[in-house]
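Take a look at the structure below.
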Amino acid sequence: MERGEVLLDVRDLKTYFFTDDGVVKAVDGMSFTIHKGEVLGLVGESGCGKSVASMSIMQLVDVPGKIVGGEIIFKGEDLVKKTPEQMRKIRGAEIGMIFQEPMTSLNPVYTVGDQIMEAILVHQDVSEEEAKKKTIELLRLVGIPEPERRFNQYPHELSGGMRQRVMIAMAMSCNPDLLISDEATTALDVTIQAQILELMKDLQRKTGMAILFITHDLALVAEMANSVAVAYTGKIVEYGDVYSIFKRPRHPYTYGLLSSVPSLKTEKTKTPLPAIEGMVPNPYRMPSGCHFNPRCPFATERCRKEMPELAEIEPGHLVRCFHPVAVEKEANA
Amino acid sequence: MAVEVTKVEEVLTGRVETYWYLVGKRLRKHKLAMISLVVLIIIILACVVGPYLSPYHVAELGSTEEVMQPPSLKHPLGTDELGRDVLTRLLYGGRISLMVGFSSVFSALVVGIVVGAYAGYYGGILDTILMRFTDIMFSIPVLPLLIVLASVIPGAGVWKIILVIAIFGWMTDARIVRGMFLSLRENEYVEAARAIGVSNNRIIWRHILPNSLAPIIVSATLGVGGNIIYEAALSYLGFGVMPPTPSWGNMLQNAQYAMAIAPWLVWSPGIAMFITVLAFNYLGDGLRDAMDPRLYR
């Protein structure tokens, strides 16, 4: 696939949380790149640092959290070095974001129209009249019927799917170059989820924006993304284009994740669904060496002592493992 | 279930059920609060309009035969030691007392909201400084300081009393508002507002404050009653509203010397104050019940 120029380049990002019980390295040396018009899926279990990574990009990490290292190069400029005021002008205008909980992401005391209008008025020098017109267009764009009527409705009068559409309209209001979707469909039921994904894909095709698609659901990544980054304990463990990751997962963790997705075959044979043994390690006491070693079936002495580097195993496919899995995964999607 | 029921009602009546609409609906079911509201409206109207309708002037002295007369047709609530009509003075004094009550609550609220909002929203060092200052203000013994303040601040106007009450009355509001902000700032809609580039000030005043109005309104309603009592206490100690301007407080103080021979001088301001404060308290309770977020849907 022809790749555009680099839009977002996250380099060795480190976001730590300084709590009374110790330092939690929520994001510990994460690097990934998003090209213009590309959809990058960032996958991982709860607590792997994927949401903290997205908040770091937005510069919305609150105390006790702090970005302690790395660079976030967006359109050639380092966001970490921006002042709060410069960052405020980027948020919403150049980077849009949608959240997991559509039920609570809208302010209950304002109509949805008012809230989308606010996003426009904050960044654009337009009259209220124009902003209202644009808001109604946006509502129509995200597939909300009767936008003129919906404009004056309060969030509690809309369903979850409708609210998520409103959130998308808000995020799209200033034509951002990058849309961050942080588990945006997780709280919705499956049919609505499919509609929202379709809407996001459609908007992405129309506007050519890039999407950072954060999820724990591999099936969604396969459907949405061009590239995939798999995160584990604050680090990227595998990175590559969607085909090579799903066809030839090389990191034992990715392999385990893919095997634990139920397929039609596993149901027929009545074999129990394979699961990854063990638990996500305690963030205060990370295992030495590779963080995955206590759960890894292939772990050796070396894995317990040394942290492997993220290395290119084939063109465009990076893995952080001393013993990459060599088996080709049967296509089950 | 509740959601569906209201949805059905919405469809049937075509009326949008906003939060405030539901609050109004629930308040109307609260009998004591509604009676109180009616009583308060009557009292406020009487105090505002009454003095204009009265044939007597507040400071109009009666002839010597009219001094300390018990209630009669001519003077429904009697006259005081200078022969002034008590009803007229009661209504006029009500104006002053209510004005002191409302204005001091409003001023205290402004200070309390600003302090509480910034402390709760920003947290950290700012929160520590502002809240320790609040604690210090709370631990100051008010009465001795009032005596000092009353002599330091020049003039004897009603505004001085309002100012003094406000200076010592904003701390509770500040704590309430801070508490609301502490919990509301964690809401996703605040995060979402930040993610679209809304400034901190705009988030504080436009996004969080309207969501924390309910406890503020309740506290203010109860506060009006409390401050009327406070004004009376100050007047009783001689630091309140200065005669000849009447207030319910200084009418009471004035009456204590003649209690044995002219009890009506005590009854009228006493009962007026009692009913008003009680009504504010019931209304506040009713509002608290009506605005309880746990009852919302």
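The values are calculated or read from the model by the stated rules, or taken from the named source; none is laboratory data. What you see is a predicted model; the values in this text were computed from it and never measured. Cβ atoms come from the backbone with ideal geometry, glycine included; neighbour counts cover every protein chain shown. The area values use the complete protein model at the heavy-atom level, side chains included, leaving out ligands, DNA and RNA. Shrake-Rupley method; radii C 1.70, N 1.55, O 1.52, S 1.80 Å.
Among the conditions (1) open to solvent by less than 10 Å² (accessible area, probe 1.4 Å); (2) within 14 Å of chain B (Cβ to nearest Cβ); (3) more than 23 Å from the chain's Cα centre (by Cα); (4) of a type outside the set (D, E, K, R), the only one that A:Met58 does not satisfy is (3). Does the stretch B:69-88 hold any residues that are farther than 19 Å from B:Ile41 by Cα and surrounded by 17 or more Cβ atoms within 10 Å (Cβ to Cβ), and which are they? Listed by number, the residues that qualify are B:Gln69, B:His75, B:Leu77, B:Gly78, B:Thr79, B:Asp80, B:Gly83, B:Arg84, B:Asp85, B:Val86. Of the residues making up the stretch A:233-252, those that are under 16 Å from A:Glu309 (Cβ atoms) and of a type in the set (Ser, Thr, Tyr) number 2. Residues that are surrounded by fewer than 22 Cβ atoms within 10 Å (Cβ to Cβ) and in contact (Cβ under 8 Å) with a residue 60 or more places away in the chain were ranked within the stretch B:238-254; the one that is nearest to B:Ser104 (Cα to Cα) is B:Phe239. Within the stretch A:61-73, being open to solvent by less than 50 Å² (accessible area, probe 1.4 Å) and within 14 Å of chain B (Cβ to nearest Cβ) holds for A:Val61, A:Gly65.
Output the residues belonging to the stretch B:259-274 that are touching a Leu at 6+ places or on another chain (Cβ under 9 Å) and open to solvent by 10 Å² or more (accessible area, probe 1.4 Å).
Taking the stretch B:259-274 first, the residues touching a Leu at 6+ places or on another chain (Cβ under 9 Å) are B:259, B:264-270, B:272-273.
Once the filter is applied, which keeps residues that are touching a Leu at 6+ places or on another chain (Cβ under 9 Å) and open to solvent by 10 Å² or more (accessible area, probe 1.4 Å), the stretch B:259-274 yields B:Met259, B:Trp264, B:Leu265, B:Val266, B:Trp267, B:Ser268, B:Gly270, B:Ala272, B:Met273.
Looking only at the stretch A:116-125, residues that are over 23 Å from the mean Cα position of the chain (by Cα), open to solvent by less than 10 Å² (accessible area, probe 1.4 Å) and more than 8 Å from every other protein chain (Cβ to nearest Cβ) come to 1 in all. In the stretch A:129-164, how many are in contact with a Gly (Cβ under 6 Å, 6 or more places away or on another chain) and of a type in the set (Lys, Arg)? Residues in the stretch A:129-164 being in contact with a Gly (Cβ under 6 Å, 6 or more places away or on another chain) and of a type in the set (Lys, Arg): 0 in total.
Answer yes or no as to whether B:Arg178 is within 13 Å of B:Ala119 (Cα to Cα) and within 10 Å of chain A (Cβ to nearest Cβ). No, not satisfied.
So, in the stretch A:76-107, exactly how many residues are assigned to a loop (DSSP other than H, G, I, E, B), more than 10 Å from chain B (Cβ to nearest Cβ) and either of a type in the set (Ser, Thr, Tyr) or under 19 Å from the mean Cα position of the chain (by Cα) (or both)? Spell out how you get there, then give the answer.
Going through the stretch A:76-107, the residues assigned to a loop (DSSP other than H, G, I, E, B) turn out to be A:76, A:82-83, A:92-94, A:99-107.
This time we only want the ones that are more than 10 Å from chain B (Cβ to nearest Cβ), so: A:76, A:82-83.
From what's left, either of a type in the set (Ser, Thr, Tyr) or under 19 Å from the mean Cα position of the chain (by Cα) (or both): A:83.
Number satisfying all stated conditions: 1.
Take the residues in the stretch B:48-67 that are of a type in the set (A, V, I, L, M, F, W, C), surrounded by 13 or more Cβ atoms within 10 Å (Cβ to Cβ) and closer than 20 Å to B:Leu98 by Cβ; name whichever of them is modelled with the highest pLDDT. Once the filter is applied, the top-ranked residue is B:Val48.
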